[in-house]
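Okay, so here's the structure we're looking at.
The values are calculated or read from the model by the stated rules, or taken from the named source; none is laboratory data. Note that this is a predicted model, so its numbers are computed, not measured. Using ideal geometry, Cβ is built from the backbone for each residue, glycine included, and neighbour counts are taken over all protein chains shown. Heads up: the accessible areas ignore ligands, DNA and RNA and are worked out on the full protein's heavy atoms, side chains in. Shrake-Rupley method; radii C 1.70, N 1.55, O 1.52, S 1.80 Å.
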Amino acid sequence: MPPLQFEEESWQSTRVQLACFASGCATVMISVAKFISMFLSKSTGLRSRIESIFAVVVGYVLADFLTGIVHWAIDNYGDPKHPVSGPQIEAIQCHHQQPWILAKRHVATNIYIQGVVATLLFSPVNMFCEDLNLLAFTSVFACCGFFSQQFHAWAHTPRRKLPPVVVVLQDSGIILGPSHHAGHHQPPFDRRYCIVSGFCDWFLDKSNFFVGIEVVLFHMLGVEPVSWGTKSLL
Ligand SMILES: [Zn+2]
Ligand SMILES: [Zn+2]
């Protein structure tokens, strides 16, 4: 695969990207606000609150897991020439050659597609859901999923350029840390795909979860993942 090129203009956000980003921000903020409001309501009992905290943890872990699945799929099977998702796929694959680019791009450029997805998926939940546990799950899941690529960008940003709160979140392991994610950019380039916290990487990598799926897909479809020849990403 020839080296992918990134146009410098693509670092800036277009108005459409900014609008999608704003829509995603509004959606996840409403979701979190609605959950907190119900959580703190006097009519919510202690048992319901404890259950909702469990739902928060599930949403957080599942978001990390799913970012790993999506990242692995795009890295290994994404087509940068796809008419709809091609530019995003190219951006992610190009990121392996030039990891610093994510940190250079405006946040809206990095996550505007996630903004569209978050709006479409979670606006109905915000409008109609009155279940505390479901709101607990969706608010954290939506928030982490929406911002995951920005967590990834921060993992490539020099610490001195990060807001202190981001450094604290990285150091505490709540969001993806640079030292953990560095393993994704080192040989054999086939691990540490999760980009919310990286928590799920330890069992996905230890169990060879992705290698197993790659072998099954190869036998079923005859398609090799990029990571087998790998170094084409370099
Ligand atoms: Zn990758
Ligand atoms: Zn990276």
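The stretch between L120 and F54 holds 21.2 nm of extra length on full extension. This uses 0.36 nm per residue minus the Cα-Cα distance.
Only Lys, Arg, Asp and Glu carry charge here, each on its Cβ (+1 for the first two, -1 for the last two); on that basis the chain has a dipole of about 660 debye about its Cα centre.
Label-to-label distance for M29 and N208 is 4.8 nm, based on points extended 7 Å past Cα in the beta-carbon direction. Its DSSP H runs of at least 4 residues, each contributing -39,500 (n - 2.57), put the calculated 222 nm mean residue ellipticity of the chain at -21500 deg cm²/dmol, to the nearest 500.
Can you give the Kirkwood hydrodynamic radius for segment 15-233, in Å, rounded to one decimal and based on Cα pairs? Don't skip to the answer; put the middle values down first.
Values: mean 1/r = 0.0543 Å⁻¹.
That comes to 18.4 Å for segment 15-233.
Pop out the carbon and sulfur fraction of the accessible area of the chain as a percent, whole number, probe 1.4 Å. Whole-percent figure for carbon plus sulfur exposure: 69.
The long axis of helix 209-221 is offset from the longest Cα principal axis of the chain by roughly 60 degrees.
Given a 1.4 Å probe, how much area per residue of the chain is accessible, in Å²?
Details: 12400 Å² over 234 residues.
Accessible surface, normalised per residue, equals 53 Å².
Projected label points at A73 and F218, each 7 Å from Cα along the beta carbon direction, are separated by 2.1 nanometres. Return one number: the angle in degrees, 0 to 90 and rounded to the nearest 10, between the long axis of the Cα atoms of helix 86-97 and the longest principal axis of the Cα atoms of the chain. With both axes taken from Cα atoms, the answer is about 70 degrees.
Applying 0.36 nm per residue to the separation of A19 and T44 and subtracting their alpha-carbon distance, the gain on full extension is 5.5 nm. The simple spin-label model puts a point 7 Å past each Cα toward its Cβ; for D131 and A182 those points are separated by 4.4 nm.
Count the lysine pairs in the chain whose Cα atoms lie under 26 Å apart, taking only pairs 8 or more positions apart in sequence or on different chains.
Working: K34/K42; K81/K104; K81/K231; K104/K161; K104/K231; K206/K231.
Total qualifying Lys-Lys pairs in the chain comes to 6.
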